[in-house]
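My structure is below; once you've seen it, I'll send some questions.
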Amino acid sequence: MVARLRSSFSDRRIAVVASLAALSLFVVAMIVFRVLYTRAPDHAGIAWNLVLAWIPLGLALVVYERARSGSPGPASAALGALWLLFFPNAPYLVTDLTHIGQGRGVPVLYDVLLLSAAAWTGLLLGLTSLYLIHAVARRVLGALTTWALVVGVLALSSVGIYLGRVQRWNSWDVFVRPEALVAQMANGLLHPGSHARLFALALLLTSFLLVSYLAFYSFARLSSLVRE
């Protein structure tokens, strides 16, 4: 059983997932300690956001393994679409930094560390999943087209983060409340003021995510050249 698992997941990917799991557990431990110490549920919702941030990585791992084993197809395309839908949940954790200073009962520095660790974890989960999808797409589309796809994914993700943070929509609302979601988006397009706000925030987030991914990509590629 263990040998079969090791054959499907390389030691490097196991190490990455284990590191991200350890970082996630650290964030959860900080949340639990804060709730027990203050007897208040401040920032407890970060734990749920963290769970959602793991979904795109799980989907990306499945897509990557299917491509590596030579079994792509409609199922992989559907999983890729589902990954795109849930991908914004990972970098969304960065926007939870807006909660710094809103809680009580602990020093502000504690919340800075908690929320920064959560933001860092969510960003890493998202960038790791994007790296895996990038690798799969590059085999099919080529390098240049795939980089254009990456920029498009990050732009769409930024819009998704806006819908979640500002308009309070969730990824699953596409399935459970599609009419209401489309209606609110259409209503927003009729108000010119909302265009500027959406464009400004989407541009800022896309730029931030792109430079973050470029740094992540560079380190990931460098690690493949370094041997201990």
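Kindly list the number of the only condition in (1) at pLDDT 90 or above; (2) closer than 29 Å to Thr121 by Cβ; (3) surrounded by 11 or more Cβ atoms within 10 Å (Cβ to Cβ) that fails for Thr145.
With (1) at pLDDT 90 or above; (2) closer than 29 Å to Thr121 by Cβ; (3) surrounded by 11 or more Cβ atoms within 10 Å (Cβ to Cβ) applied to Thr145, the lone miss is (2).
Taking the options Leu154, Leu132, name whichever one is free of Cβ contacts under 8 Å to residues at least 60 places away in the same chain, over 21 Å from Ala44 (Cβ atoms) and buried (at least 17 other Cβ atoms within 10 Å of the Cβ).
Of Leu154, Leu132, the one residue that is free of Cβ contacts under 8 Å to residues at least 60 places away in the same chain, over 21 Å from Ala44 (Cβ atoms) and buried (at least 17 other Cβ atoms within 10 Å of the Cβ) is Leu154.
I'd like the residue in the range 52-77 that is of a type outside the set (Ser, Thr, Tyr) and loosely packed, with under 12 Cβ neighbours inside 10 Å and, out of all such residues, is modelled with the highest pLDDT.
Filtering the range 52-77 for residues of a type outside the set (Ser, Thr, Tyr) gives 52-63, 65-68, 70, 72-75, 77.
Adding the requirement that they be loosely packed, with under 12 Cβ neighbours inside 10 Å leaves 70, 73-74, 77.
Numbers: Gly70: 73, Gly73: 73, Pro74: 80, Ala77: 87.
For the range 52-77, the residue satisfying everything is Ala77.
Oh, and also: Give the residue that is farthest from the chain's Cα centre (by Cα), with candidates limited to residues of the range 31-51 that are under 18 Å from Trp120 (Cβ atoms) and among the small types (Gly, Ala, Ser).
Gly45
Inside the range 32-41, can you point out the residues that are surrounded by fewer than 18 Cβ atoms within 10 Å (Cβ to Cβ) and in a helix (DSSP H, G or I)?
Val32, Phe33, Val35, Leu36, Tyr37, Thr38
Just checking, how many residues over the range 50-75 are assigned to a helix (DSSP H, G or I) and either free of Cβ contacts under 8 Å to residues at least 60 places away in the same chain or closer than 24 Å to Leu114 by Cα (or both)?
Residues flagged as assigned to a helix (DSSP H, G or I) and either free of Cβ contacts under 8 Å to residues at least 60 places away in the same chain or closer than 24 Å to Leu114 by Cα (or both) within the range 50-75 amount to 15.
Listed here are the residues, each with its yes/no results for (1) free of Cβ contacts under 8 Å to residues at least 60 places away in the same chain; (2) touching a Cys at 6+ places or on another chain (Cβ under 9 Å); (3) crowded, with 18+ Cβ neighbours inside 10 Å; (4) more than 26 Å from Val153 (Cβ to Cβ).
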residue	(1), (2), (3), (4)
Met30	no, no, yes, yes
His43	no, no, yes, yes
Trp48	yes, no, no, no
Leu93	yes, no, yes, no
Ile100	yes, no, no, yes
Ala119	yes, no, yes, no
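Search the range 77-124 for residues being of a type in the set (S, T, N, Q) and over 21 Å from Leu20 (Cα atoms), and hand back the single one that is nearest to the chain's Cα centre (by Cα).
It comes out as Thr98.
I'd like to verify a number: residues in the range 135-151 that are closer than 24 Å to Ala15 by Cβ and free of Cβ contacts under 8 Å to residues at least 12 places away in the same chain, how many?
1
The values are calculated or read from the model by the stated rules, or taken from the named source; none is laboratory data. Since the structure is predicted, the reported quantities are computational estimates derived from the model, not experimental observations. Note that we place each Cβ from the backbone using ideal geometry, even for glycine, and neighbour counts take in every protein chain shown.
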